[in-house]
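Chemist: The structure's right below; bear with me while I get my questions together.
The values are calculated or read from the model by the stated rules, or taken from the named source; none is laboratory data. Being a predicted model, the structure only gives us computed values, none of them experimental. Using ideal geometry, Cβ is built from the backbone for each residue, glycine included, and neighbour counts are taken over all protein chains shown. To get the accessible areas, we keep the full protein, side chains included, count just its heavy atoms, and leave off ligands, DNA and RNA. Shrake-Rupley method; radii C 1.70, N 1.55, O 1.52, S 1.80 Å.
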Amino acid sequence: MKNTFKFLGIVVVTAAIGLSMAACDTGSTNAGNGLPPAGDGSITFAPGAPPMTFTGVVDWDGNPVNRTMDFTHMWILVDGNLVLAELSVIIPGSEIRLDGDTLNFRLGTPWEELLMPASDLFGNMSGFSATTGLRVFYDDTFLEGTFLTADGYGLLWLIPQTLIHTVVMFGYANIAGTIRGIGVFPDEYYEEYDNVITVNMELRPGWNTVIGTGGPDPVVSGRWNLTMVTGRPGDDFVWVLLPPWN
């Protein structure tokens with residue numbers, strides 16, 4: 001999977017529709033100015049509640065997995081560098097365990113010190129705006145997987161093996177707010193590419209689902225289009241176990 005999701009900034013775990021989550025749908029909001037609609041993506045993880053259960057985990061080829069493993073680590077961005085950190089330290093109270101093809105999944109609350117002003121995310125976008133006081137848990141992890149086992153297996157919720165890569169993420173917000181804008185960014189890893197990023201997020205306090213979609217521009221050579229909007233994933237998204245990235 002092309003690592004153009006490396007900078008898709010709101011952290012990023014993955015989720016699904018219709019499972020045992022406490023959530024409320026407010027419909028979708030279109031910010032205008034060419035932005036796609038933003039839907040509600042608020043998910044509440046009740047303190048002390050049992051982990052949510054997801055079945056049907058597959059490998060990258062779409063085959064059901066039958067493994068037992070704990071996802072105990074995640075990548076975080078520290079001073080511009082990716083650092084492998086323990087999940088329990090970064091987001092205390094979290095549990096992500098695969099048992100056969102069933103995933104038991106729970107997120108805690110990230111440390112306040114790890115939240116960054118939303119205004120710092122995409123400040124050079126055209127028409128960029130972010131709610132005053134909105135702080136988010138920012139991560140830069142889309143290289144080979146968001147959550148990892150100690151031996152490097154990754155876990156993503158996505159539509160696998162598609163030309164247009166689409167993945168579901170979780171972003172943590174301290175207050176209700178919005179992040180919106182369109183911008184062009186040079187690709188720091190692939191100098192021949194530019195990235196056009198469109199962001200329209202309606203965030204609620206706590207964890208929010210954000211759908212990121214990327215693909216080559218059908219008209220402009222060397223351009224990669226990326227979109228990030230809040231919303232709820234469809235049934236074509238599945239949990240995918242990725243082989244060790246190294």
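Chemist: Just to confirm a number: summing +1 for Lys and Arg and -1 for Asp and Glu over residues other than Gly56 whose beta-carbon lies under 14 angstrom from that of Gly56, what do you get? Provide the component values of the computation, followed by the final result.
Modeler: Details: positive: Arg67; negative: Asp59, Asp99, Asp101, Asp235, Asp236.
Net charge around Gly56: -4.
Chemist: I need the phi-derived Karplus couplings for segment 225-242: 6.51 cos²θ - 1.76 cosθ + 1.60, θ = phi - 60°, integer Hz, Gly and Pro marked x.
Modeler: 9, 10, 10, 10, 9, 5, x, 10, x, x, 6, 7, 7, 9, 5, 10, 8, 9
Chemist: Solvent-accessible area of Ser119, probe 1.4 Å, all protein chains present, reported in Å² to the nearest ten, please.
Modeler: 70
Chemist: Using a 1.4 Å probe, how large is the accessible area of Glu112, given in Å² and rounded to the nearest 10?
Modeler: For Glu112, solvent-accessible area is about 100 Å².
Chemist: Right, next: Provide the solvent-accessible area of Phe122, counting protein heavy atoms only and rolling a 1.4 Å probe, rounded to the nearest 10 Å².
Modeler: Around 10 Å² of this residue is reachable by solvent.
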